[in-house]
1. Looking at (1) open to solvent by less than 10 Å² (accessible area, probe 1.4 Å); (2) modelled with pLDDT under 85; (3) among the hydroxyl-bearing types (Ser, Thr, Tyr), which is the one condition that is false for Tyr714?
2. Could you check segment 384-397 and list, in sequence order, the residues that are under 14 Å from Leu288 (Cα atoms) and open to solvent by 30 Å² or more (accessible area, probe 1.4 Å)?
3. Could you look through segment 363-377, keep only residues that are within 17 Å of the chain's Cα centre (by Cα) and in a loop (DSSP other than H, G, I, E, B), and pick out the one that is farthest from Gly345 (Cα to Cα)?
4. Within segment 370-383, can one find any residue that is among the β-branched types (Val, Ile, Thr), modelled with pLDDT of 85 or more and open to solvent by 10 Å² or more (accessible area, probe 1.4 Å)?
5. Kindly establish whether Ala50 is open to solvent by less than 60 Å² (accessible area, probe 1.4 Å), among the hydrophobic types (A, V, I, L, M, F, W, C) and under 30 Å from Gly191 (Cβ atoms).
6. It is to be established whether one or more residues within segment 775-791 are open to solvent by less than 60 Å² (accessible area, probe 1.4 Å), free of Cβ contacts under 8 Å to residues at least 12 places away in the same chain and assigned to a helix (DSSP H, G or I).
7. Take Leu693 and tell me if it is open to solvent by 40 Å² or more (accessible area, probe 1.4 Å), in a helix (DSSP H, G or I) and modelled with pLDDT of 85 or more.
8. For residues in segment 135-177 being among the small types (Gly, Ala, Ser) and under 38 Å from the mean Cα position of the chain (by Cα), which is farthest from Leu670 (Cα to Cα)?
Amino acid sequence: MSQFILDLRFGLRSLTRNRSFALVSILTLGVALGANTAIFSFVNAILLKALPYPNAGRIVTIGGYNSLKYTAAGAAEMSWPNITDLRAQSKTLEGVAAYQRATSFLYIGSEPQQLHGTTINAGAFHILGVRPELGHAFDEKDDRLGGPRVMLLSDAVWRRSFGSDRTIIGRQIPFGTAGKTRTVIGILPPGLQFPIDGESNDFWMPLNPTLDSATLTHRGVVFLNTIGLARAGVSLAAVNADVNTIARRLEHQYPDNNTGLRMAASSLQEWLTRDIRAALLILFIAVLLVLLIGCANVANLLLARATARHREIAIRSAIGATRGRIVVQLLTESVILSLLSGGIGLLVAAWGIDLLVAIAPRDLPRLDSIALDTPVLLFTLALSLATGIIFGLAPAIAASRTNLTETLNDASRGSTEGRTRGRLRNTLVAAEIALSLVLLAGSGLLIRSFVQLINVGTGFDHHDVAVVQVSARPSAYKEDAQIVELFRRLTRELGALPGVESISAANALPLGPTEADYSFDIMGQPEFAPGHHPVAITVNILPGYFHTMRMPLLRGRDFTDHDGPAGEKAIIIDETMAQRFFAGQNPIGHKIDLSIDHEGKIIHPRTIVGVTGAVRFESLSQTPKMTVYVPEADSTALRMFLVIRTANAASIAPAVRTVIRRIDPLQPILSISTVEKMRADSLAGRRVTLIVLTILAVLALTLAAVGIYSIMSYSVAQRTSEIGIRMALGAQAPEVFRLILRQSLRITVIGIGTGLIAAAAATRVMRGLLFGVAPGDPMTLTAICIALGAVALVASYVPARQASRVNPMVAIRYD
């Protein structure tokens, strides 16, 4: 222990005597360690930290999919009857529950408070292992068709809206729609999130009372998410085998709706992180590469410093210090450097985490749990210690190889020992260049993908369109005709606002989630076999929607106010459907049997009256899916998006609120935004990955440039006498300049060649993040090689220029 303290004190004194070296090393590693800590805080919170449920390790999600069309990766919602059978027949699950996201309003205060919550089966809280802090959870008596109007509140809503009043249990509160109430039966623990997504969890209600009898019995209505609790000791593979046995059984029993049905189970944590896992792991690998580049830079500095200390090390060897003892002492100095760098890294990480959280997509799971907590601090400590050993070991071993006779006679400059260290320094710089190329290749591919995405055709004009989401109050608008009239009146009066060019409404918008996908048959064409029915996104719209969104009407006409219950059963299809089913013919006048009621029955054949351009839902990276449009008057939706084309889309909100309050003071407004913001939000995840990886690539390039500059400067300093002799014997300045550049070029070419091989393999793991560009895109790699070569040339210019200006007489005297 006393020896360690002596090494520590000696190391601190040594670094104090070389403040410039210590400062450069600490800042270099501090930035790299800080970047690693910041990214690891995301990896830890999202991918590694156990979910905040007592039963987290046994909770699985179960999704259904049509194996004739999709793979298990597409497993998602299921129908209620299939979920009921899964619950009854499963041998590996001790509980199964369905849930669906919901939005409603709390009517206290001056205007309704919009709350986000979940309708969920009674058994879900047993699956999660969660019990209310106050009151009790709902049970099977509550969770039935026609059951009592009960609810659970989150701790946050209880404290914020009811002042932590414990007498809230059993009280009826104005909730749901104006004039309606629900009885609060429990308050859930602070911070409870289920489901874990971008929205808050403000309330929970029993699922079954919110469904209608047709939904509860028809297997073709697929819209519920499902979780289950695996029995103790049962593996995920066993659960998957069990649920697929049930799926095949249901396929044979109910072929009309379940042909091709398969089910897939995955851990809840894996399901939550499926969209972000690849990007986070790639970023984590990227920051580790930056750290390795930083280590190579500091190792080069240590090698240069060891050369300057060669007499000191030789004297210590001469008076009895073993080689192992010298290595330990030098490693101690390296670890001191890395620990000090770790302290700086924590400051960098605190700033970096705040920045990353600020720019991260709002729907990123567990975003609020990202922090410099104990696991992250332990990671930083361990990484700092490992870093000290990584960058210090090779220089320490090289420095400990001392030829006493040559060193004490001051004749070591041209020794084999010096050449060995020179090769090690060159190798380290070549490695920096190779690692930098890998990062630059990844960043370049993401930049090209992002450019491809923002330039991809959306099928509409996203500029200058405000979006107002409104849900008609069921208590005030009970009939379809009343709902339709509300939206028509809203469009009339909002359309009269100054600056409004046009206005319409739809229940789903491009680049947003879809409300419903329905199967269909085409009259006059062969019927589809069970399980092979095509599916189309179905959108309810008001007349003028295509004009407002500037979507081209390629054939036929738009809807009019006469298209409704009393008029023609009209439908408009997009060009994706037209090209698939009506290639080479005019689809106008053909009829489609669209199953749009909950029992899957054909209400009435619909006549195609128009064909519009294709648009992209969900995201820009998804290819356009078949879409059909039906009049709102003929297939009424309670919740609609009012789309308003106006020059002041970003500032129209106050005027919109005034108009809606005048029409109906109790009418809630769910949100006011713009289509342009929706488009930006759809790119948010890719944008963050691109920004972070580009910053890391630039940092890596900067460190590589510094490494090239330092190794060339050191080489010139070491070869001063040689250069002086060359010039005394007749070598001209341009020849010396080219000599140094050739040395730099040789290192750079080796680094780029190695980096190209590594990049070809590494960028393949990014395939899922790319759009419109291949992982080994030659154009991107060529541009990066040229850029990296140019940076190396610039970094070598100053040392080469210094070498070409060496005074031969001074250099020879220096020797």
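The values are calculated or read from the model by the stated rules, or taken from the named source; none is laboratory data. If you're wondering where the values come from, they're calculated on a predicted model, not measured in any experiment. All Cβ positions, even for glycine, are placed from backbone atoms using ideal geometry, and neighbour counts span all protein chains on display. For accessibility, only protein heavy atoms count, side chains too; no ligands or nucleic acids. Shrake-Rupley method; radii C 1.70, N 1.55, O 1.52, S 1.80 Å.
1. Result: Tyr714 fails condition (1) only.
2. Hits for segment 384-397 are Ala386, Ile390.
3. Restricting to residues being within 17 Å of the chain's Cα centre (by Cα) and in a loop (DSSP other than H, G, I, E, B), the top hit is Asp363.
4. Yes, segment 370-383 has at least one match.
5. It is false that Ala50 is open to solvent by less than 60 Å² (accessible area, probe 1.4 Å), among the hydrophobic types (A, V, I, L, M, F, W, C) and under 30 Å from Gly191 (Cβ atoms).
6. Yes.
7. Judged against the criteria, Leu693 is not a match.
8. Gly135
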